[in-house]
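Chemist: Mind looking over this structure? Questions follow.
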Amino acid sequence: MQRLIPTLRQDQVDEALISVIHSLQITAKEISFRVGQGDLAGVLGSTLSENIQGETQKKLDILSNQLIKDILLECGHVRAVASEEEEGIVLGHENGEYLIAFDPLDGSSNIDINSMVGTIFSILPVPENNSGTADMFLQPGRNQVAAGYILYGPSIMMALTTGKGVKIFTLDQTVGEFLLTKRDLAIAPDTSEFAINISNYRHWQEGMQLYVDDLLAGTSGQRSKNFNMRWVAAMVADVHRVLIRGGIFLYPWDARSIDKPYKLRLMYEGNPMAMLVEQAGGLAHSGDMAILDIQPTDIHQRVGIILGARNEVNACLGYLKASQ
Ligand code: AHG
Ligand code: MN
Ligand code: MN
């Protein structure tokens, strides 16, 4: 089986970017070791602090953030990082060619139940102005040169795209390297499996409610077919399932708060997952536009998410449009 770095060379990825991905490989090994040790490493449970989004931080959120930050900033090719757990950006090397936005640990509420969590990353080029401020990050997701996630599950996997399809690498713990285990992932255009937190039903727009009503109605409704539901409650694992066996994942607009209408974040959740999904032939939409075309205004901004099987995403968008 092919190792991660030689695979990137074969794909003619430039050496600076390879070096960044190599650093991510190191962080994956460090974090997966600690996640795997669980209670033995004393890393489970919450801290007393809150992050910039007002969420209670888990010990592993903080630890993973610190590890990724330290390792990436040591890589001479990183100009700056932006993280879910950091209010502002953190500067790295002045001549670094890349910006990395990341969610150090996604699905962190799963930690305490020994369920899947992951790290999501987005790699952007440094823009010409190279201002050294957060503005450098405010580029549409279309500009990403690479994106992916590391899933800490029964096995440790890295899903990666450098714009030439999606590959999955599995960590061989005996040699400490990611080996290529799947290539050219393709999401089937149709599906009968959806993932949504249905407890938010009453907060959705009417179109979203009608769409989900018809999924639940199965063969007795307009869609004339039965749907199955899955929800891991970690985007990284739910999107992984969509990439591997198809489906649609939704975290739609939610009326609970005018300031904070969506749950998931654009720069380090929406954009990287959207790039992976589009590279696998699926669609990733906010409800208003393709996620990758959104011009960000803030590194922590939130976004509606409807992604996965092409025809199913379009079906959902049809309901939203019809009820506007
Ligand atoms: P994070 O742990 O990085 O804050 O992200 C959690 C997110 C996302 O992974 C998941 O899809 C969603 O929160 C689950 O939220 P609820 O089940 O609470 O709706
Ligand atoms: Mn997250
Ligand atoms: Mn997180």
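Chemist: Can you name every residue in region 276-295 that is over 16 Å from the mean Cα position of the chain (by Cα) and open to solvent by 30 Å² or more (accessible area, probe 1.4 Å)?
Modeler: Scanning region 276-295 gives Gly281, Asp288, Met289, Asp293, Gln295.
Chemist: Picking from Ala322, Ala255, Ala315, which residue would you name as being touching a His at 6+ places or on another chain (Cβ under 6 Å) and open to solvent by 10 Å² or more (accessible area, probe 1.4 Å)?
Modeler: Details: Ala322 fails: touching a His at 6+ places or on another chain (Cβ under 6 Å); Ala315 fails: touching a His at 6+ places or on another chain (Cβ under 6 Å).
Only one candidate qualifies: Ala255.
Chemist: Among (1) at pLDDT 95 or above; (2) not assigned by TED's automatic domain parsing to the domain that holds Leu8, which single condition is Thr170 missing?
Modeler: For Thr170, the exception is condition (2).
Residue-by-condition table, conditions (1) within 13 Å of ligand 1 (Cβ to nearest atom); (2) closer than 27 Å to Leu8 by Cβ; (3) in a loop (DSSP other than H, G, I, E, B); (4) basic (Lys, Arg):
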site: Ile62; (1), (2), (3), (4): yes, no, no, no
site: Asp70; (1), (2), (3), (4): no, yes, no, no
site: Gly76; (1), (2), (3), (4): no, yes, yes, no
site: Leu124; (1), (2), (3), (4): no, yes, no, no
site: Asn130; (1), (2), (3), (4): no, yes, yes, no
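Chemist: With Thr162, Thr170, Thr174 as the choices, which residue is more than 16 Å from ligand 3 (Cβ to nearest atom) and under 16 Å from the mean Cα position of the chain (by Cα)?
Modeler: Numbers: Thr170 fails: under 16 Å from the mean Cα position of the chain (by Cα); Thr174 fails: under 16 Å from the mean Cα position of the chain (by Cα).
Every option except Thr162 fails the conditions.
Chemist: Now for a separate question. Can you find even one residue in region 146-154 that is open to solvent by 10 Å² or more (accessible area, probe 1.4 Å), in contact (Cβ under 8 Å) with a residue 24 or more places away in the chain, in a loop (DSSP other than H, G, I, E, B) and over 19 Å from Asn95 (Cα atoms)?
Modeler: yes
Chemist: Restricting to region 79-106, and then to whatever is part of a loop (DSSP other than H, G, I, E, B) and open to solvent by less than 20 Å² (accessible area, probe 1.4 Å), can you tell me which residue is nearest to ligand 1 (Cβ to nearest atom)?
Modeler: Glu84
Chemist: Out of Ser109, Ser115, I need the residue that is in contact (Cβ under 8 Å) with a residue 12 or more places away in the chain, farther than 21 Å from Leu4 by Cβ, within 16 Å of ligand 2 (Cβ to nearest atom) and part of a helix (DSSP H, G or I). Which one?
Modeler: Going through Ser109, Ser115 in turn, the sole match is Ser109.
Chemist: Can you tell me which of (1) open to solvent by 10 Å² or more (accessible area, probe 1.4 Å); (2) away from ligand 3 (no atom under 16 Å from the Cβ) is the one Leu264 doesn't meet?
Modeler: It is condition (2) that Leu264 fails.
Table: residues versus (1) assigned by TED's automatic domain parsing to the domain that holds Thr27; (2) more than 20 Å from Val277 (Cα to Cα); (3) modelled with pLDDT under 95.
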{"site": "Ser108", "(1), (2), (3)": "yes, yes, yes"}
{"site": "Ile111", "(1), (2), (3)": "yes, yes, yes"}
{"site": "Asn114", "(1), (2), (3)": "yes, yes, yes"}
{"site": "Leu124", "(1), (2), (3)": "yes, no, no"}
{"site": "Asp135", "(1), (2), (3)": "yes, yes, no"}
{"site": "Ala146", "(1), (2), (3)": "yes, no, no"}
{"site": "Tyr149", "(1), (2), (3)": "yes, no, no"}
{"site": "Ser155", "(1), (2), (3)": "yes, yes, no"}
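Chemist: What are the residues in region 176-226 that are aromatic (Phe, Trp, Tyr) and either assigned to a loop (DSSP other than H, G, I, E, B) or in contact with a strand residue (DSSP E or B) (Cβ under 8 Å, 6 or more places away or on another chain) (or both), if any?
Modeler: Filtering region 176-226 for residues aromatic (Phe, Trp, Tyr) gives 178, 194, 201, 204, 211.
The answer is Phe178, Phe194, Trp204.
Chemist: Which count do you get for residues in region 24-67 that are farther than 16 Å from Ile111 by Cβ, under 18 Å from the mean Cα position of the chain (by Cα) and modelled with pLDDT of 95 or more?
Modeler: Residues in region 24-67 being farther than 16 Å from Ile111 by Cβ, under 18 Å from the mean Cα position of the chain (by Cα) and modelled with pLDDT of 95 or more: 4 in total.
Chemist: Then there is this: Consider Asp238 against the criteria (1) open to solvent by less than 10 Å² (accessible area, probe 1.4 Å); (2) within 14 Å of ligand 1 (Cβ to nearest atom); (3) in contact with a helix residue (DSSP H, G or I) (Cβ under 9 Å, 6 or more places away or on another chain): it satisfies all of them except one. Which criterion is unmet?
Modeler: Of everything listed in (1) open to solvent by less than 10 Å² (accessible area, probe 1.4 Å); (2) within 14 Å of ligand 1 (Cβ to nearest atom); (3) in contact with a helix residue (DSSP H, G or I) (Cβ under 9 Å, 6 or more places away or on another chain), Asp238 misses just condition (3).
Chemist: Working only within region 202-229, note down all residues that are touching a helix residue (DSSP H, G or I) at 6+ places or on another chain (Cβ under 8 Å) and farther than 17 Å from Gly247 by Cα. Step through it out loud before you land on a result.
Modeler: The initial filter retains those residues of region 202-229 that are touching a helix residue (DSSP H, G or I) at 6+ places or on another chain (Cβ under 8 Å), namely 204-205, 207-212, 214, 221-223, 225-227, 229.
Across region 202-229, the qualifying residues are Trp204, Gln205, Gly207, Gln209, Leu210, Gly221, Gln222.
The values are calculated or read from the model by the stated rules, or taken from the named source; none is laboratory data. Source: prediction; values computed, not measured. For neighbour counting, all protein chains shown are included, and Cβ atoms are generated from backbone atoms with ideal geometry for every residue, glycine included. Only protein heavy atoms, including side chains, enter the accessible area calculation; ligands, DNA and RNA are left aside. Shrake-Rupley method; radii C 1.70, N 1.55, O 1.52, S 1.80 Å.
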